[in-house]
Amino acid sequence: MPELKVFTRAEVAKHNTEDDCWIIIDGAVYNVSTFAQLHPGGSQILVELGGKDVTDDFYGLHRQEVLVKYAPRLKIGTIENEVAQVSIPVPGELSTVPYAEPSYWMGFKSPYFNESHTAFRKAIRAIYDEIRPDAILAEDQGTYPSKELYAKLGEAGVLASQLGPGDHLKGMKLPGGVRPEEFDYFHEMIAHQETSRLGAPGFTDGISSGYSIGLPPIFNFGSPALKARVVPEVLLGKKRICLAITEPYAGSDVARIRTTAKRTPDGKHFIINGVKKWITNGAFSDYFTVAATTEKGITVFFVERDENIETKQIKTSYSPSAGTAYITFENVKVPAENIIGKEGEGFKVIMFNFSHERVYICAAVTGASRAIVEDCFKWANQRKVFGKRLIDQPVIRNKLASMIAQLEAVENWLENITYQMCKMPYLEQSVKLAGPIGLLKYQVTRVSHNIADDACQIFGGRAITKTGMGRTVEAFQRTYKFGAILGGSEEIMADLGIRQAMKYFPQGAKL
Ligand SMILES: Cc1cc2nc3c(=O)[nH]c(=O)nc-3n(C[C@H](O)[C@H](O)[C@H](O)COP(=O)(O)OP(=O)(O)OC[C@H]3O[C@@H](n4cnc5c(N)ncnc54)[C@H](O)[C@@H]3O)c2cc1C
Ligand code: HEM
């Protein structure tokens, strides 16, 4: 980084030629003489502005992260007696843009949150703020999250915190100094919200999806030996796991899976044959939690990668970074003790964590939606069209109102459900919350649909352009449907909610 000096505006004004071109952005001076030739927006555009203050031009065309990335190379000083007006967030800092944070972090009172939740949110955000540039690059290039990153997230307790409270946290270091015994479902909610704020949806699923659904069957139903071996190494990011249930023949209708597991004559092993489709993280996982049918019915197995397992990347709407795979199991030999739960009781094992997975998706979708609301608010404030800011147009304010009102409503519902999870034993949750969680997920993803729609109209062409100001909106409008399909589609969720309610419908209730 060049040594920083203090200049007057008059001094900067002299550097206005192709070979000697300085500009001022927000009280800082940048020497763009060499950079101009490499500038993605063209060199002439920069040279013409040499010696001038280009703050408004710059922020009309670039995201703040451009300056953060290039400043170390280009910034040569500051303007005398001027202070920066644009705040560049430091890692972990919460936003002060209205509605960019859930209400507690906008200064509202809450019965649910305390200081440990704030410390946790900030710590986890700081971790993601630091990895964001690499995540965006990986998302673009389609590379998988590295083993080093997994290990880093594992060491920091980020992976463990995405699985909720429980015995698996014992002895773990958690972000923000949160003690395992004080960790609750609100911390977990925050963990998912922060992960999805990364703004790189494929990469985000690459680091968070497989083990979040693949590991719980093991710590809920696995044998003590299996738990002792597998849980720590996955939580510390040393091994990667995924959940393989869906097949080309069986999606919503899990009972129709055709993968088979046949017991060997000596009874000590099973031989698995079949195919699985859309398995998140499957392309790079070491371990697979697999549903297959034995003579006693659906059974879940812990399977280690070997040469009889082939994983092929499936191209989906988001980045290959998620490692979404088509998996072929051909005569894969698995020890009988690798059964998770009991033979024939796999349906219970699969269903047990479903509500939890759905709440996690709700948290992730609200987190991603809120980041979009923040971008829309900022953009409406800085983009000028027909001589006015977008925010000066009533129709744009109306779109923001619609987005915010819907998001606040589902966030409050999510907090209420999360509170029930904190207070109810797991079995009571399964009975009482499965239906409401289904309806919540249905509504959260409906809201994300509306937010994607409004955000697109606010960002215009930028909302359908992969780079530049609308990068995050483009990614969101291309991928918000994942939440509406994965973990139970909207139709199934809505139906579940009403069917569950009908179970408790009072016989005598008549109009
Ligand atoms: C990117 C991606 C990642 C995934 N990751 C995993 C993973 O890691 N592990 C895994 O096991 N699976 C995974 N899946 C599979 C996912 O869970 C299924 O796609 C989902 O369960 C829906 O199944 P389906 O796509 O076969 O849709 P179908 O079951 O064919 O349904 C099609 C449509 O019909 C509707 N529908 C179905 N039944 C009814 C009904 N009774 N009433 C009304 N409407 C109905 C559904 O809502 C849906 O919109 C993933 C899928 C994708 C696309
Ligand atoms: C330190 C100074 C600058 C740096 C580091 C810089 C860097 C960049 C980068 C990285 C992009 C690509 C953005 C993306 O696709 O995400 C870009 C695009 C662009 N820049 Fe700059 N830039 C600077 C100053 C300016 C200035 C002063 C102008 C003057 C108007 C300008 C005009 C443009 C234009 C028109 C584009 C194309 C935008 C588009 O595709 O919509 N840049 N710049």
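The values are calculated or read from the model by the stated rules, or taken from the named source; none is laboratory data. If you're wondering where the values come from, they're calculated on a predicted model, not measured in any experiment. Positions of Cβ are generated from backbone atoms using ideal geometry, with glycine treated the same way; all protein chains shown enter the neighbour counts. Accessible surface areas use protein heavy atoms only, side chains included; no ligands, DNA or RNA. Shrake-Rupley method; radii C 1.70, N 1.55, O 1.52, S 1.80 Å.
Between the alpha-carbon centers of the stretch 193-221 and the stretch 327-382, tell me the distance in whole angstrom.
Each part's Cα centre sits 7 Å from the other's.
Just to confirm a number: summing +1 for Lys and Arg and -1 for Asp and Glu over residues other than ASN381 whose beta-carbon lies under 12 angstrom from that of ASN381, what do you get? Write out the running numbers ahead of the final one.
Working: positive: LYS378, ARG383, LYS384, LYS388, ARG389, ARG397; negative: GLU374, ASP375, ASP392.
Residues close to ASN381 contribute a combined charge of +3.
What's the percent breakdown of Cα-Cα distances in the chain across 10 Å bins, shortest bin first?
Whole-percent P(r) values from 0 Å outward: 4, 17, 26, 24, 15, 8, 4, 1, 0.
Explain nothing, just the number: relative contact order of the stretch 103-221, from Cα pairs under 8 Å at least 6 residues apart, as a whole percent.
Values: 114 pairs, mean separation 39.1, N = 119.
Reported relative contact order: 33 percent.
Peptides 79-85, 183-189: what's the order by average Cβ count within 10 Å, highest mean first? All intermediate terms of the calculation are to be shown ahead of the outcome.
Values: 79-85: 11.7, 183-189: 23.9.
Ranked by mean Cβ neighbours within 10 Å, highest first: 183-189, 79-85.
Please state the charge dipole magnitude for the stretch 5-79, taken about the Cα centre, from unit charges on C-beta atoms (+1 on K and R, -1 on D and E), reported in debye and rounded to the nearest 20.
Details: 8 positive and 10 negative charges, 57 e Å.
Using Cβ point charges on Lys, Arg, Asp and Glu, the stretch 5-79 gives about 280 debye.
Please report the relative contact order for the stretch 5-79, taking Cα pairs under 8 Å with a sequence separation of at least 6, and give it as a percent rounded to a whole number.
On the way: 105 pairs, mean separation 31.7, N = 75.
Answer for the stretch 5-79 is 42 percent.
Sorting check: for 481-489, 264-272, 108-116, which peptide has the highest mean count of neighbouring beta carbons within 10 Å, and how do the rest follow? Working shown, then result.
Numbers: 481-489: 20.1, 264-272: 14.0, 108-116: 12.3.
Ranking the peptides 481-489, 264-272, 108-116 by packing returns 481-489, 264-272, 108-116.
By how many degrees, 0 to 90 and rounded to 10, does the Cα axis of helix 426-459 deviate from the longest principal axis of the chain?
Its long axis makes an angle of about 30 degrees.
Could you check how many percent of all C-alpha pairs in the stretch 103-221 are farther apart than 18 Å? Don't skip to the answer; put the middle values down first.
Values: 3584 of 7021 pairs.
So the pairs more than 18 Å apart make up 51 percent of the total in the stretch 103-221.
How big is the dipole moment of the stretch 103-221 about its Cα centre under a simple scheme where the beta carbon of each Lys and Arg is +1, that of each Asp and Glu is -1, and everything else is neutral? Debye, nearest 20, please. Before the final figure, lay out the partial values.
On the way: 11 positive and 15 negative charges, 44 e Å.
Roughly 200 debye, rounded to the nearest 20.
Excluding PRO111 itself, calculate the net charge of residues whose Cβ lies under 15 Å from the Cβ of PRO111, where each Lys or Arg counts +1 and each Asp or Glu counts -1.
Numbers: positive: LYS109, LYS423; negative: GLU115, ASP184, GLU411, GLU415.
Local charge sum for PRO111: -2.
Could you check how much of the accessible area of the stretch 265-328 is carbon and sulfur, as a whole percent, using a 1.4 Å probe?
Numbers: 1280 of 2590 Å².
Percent of accessible area from carbon and sulfur atoms in the stretch 265-328: 49.
Under 8 Å for C-alpha pairs, at least 6 residues apart: give me the relative contact order for the chain, rounded to a whole percent. It would help to have the intermediate numbers written out before the result.
Details: 919 pairs, mean separation 63.4, N = 511.
The value is 12 percent.
Can you work out the accessible area per residue across the chain, with the rest of the protein chains kept in place, probe 1.4 Å, in square angstrom?
47
I want the local charge near LEU400. Using Cβ-Cβ distances under 14 Å, sum +1 for each Lys or Arg and -1 for each Asp or Glu among the other residues.
Numbers: positive: ARG370, LYS378, ARG383, ARG389, ARG397, LYS399; negative: GLU374, ASP375, ASP392, GLU408, ASP453, ASP454.
Computed value for this residue: 0.
How many percent of Cα pairs in the stretch 265-334 exceed 16 Å? Walk me through the numbers on the way to the answer.
Details: 1142 of 2415 pairs.
Beyond 16 Å sits 47 percent of the P(r) for the stretch 265-334.
Hey, which of these cross-link pairs are over 32 Å Cα-Cα: LYS277/LYS423; LYS342/LYS432; LYS399/LYS503; LYS69/LYS312; LYS69/LYS441?
Details: LYS277/LYS423 36 Å; LYS342/LYS432 25 Å; LYS399/LYS503 39 Å; LYS69/LYS312 35 Å; LYS69/LYS441 37 Å.
Table pairs above 32 Å Cα-Cα are LYS277/LYS423; LYS399/LYS503; LYS69/LYS312; LYS69/LYS441.
Quick check on packing: order 356-366, 228-238, 499-509 by the mean number of other C-beta atoms within 10 Å, highest mean leading. Mind showing how you got there, number by number?
Working: 356-366: 25.6, 228-238: 18.3, 499-509: 8.9.
Highest-to-lowest ranking by the protection proxy: 356-366, 228-238, 499-509.
Is there a quick way to get the dipole size of the chain? I mean about its Cα centre, with the Cβ of Lys and Arg at +1 and of Asp and Glu at -1; what is the value in debye to the nearest 20?
Numbers: 59 positive and 58 negative charges, 257 e Å.
Its charge dipole is roughly 1240 debye.
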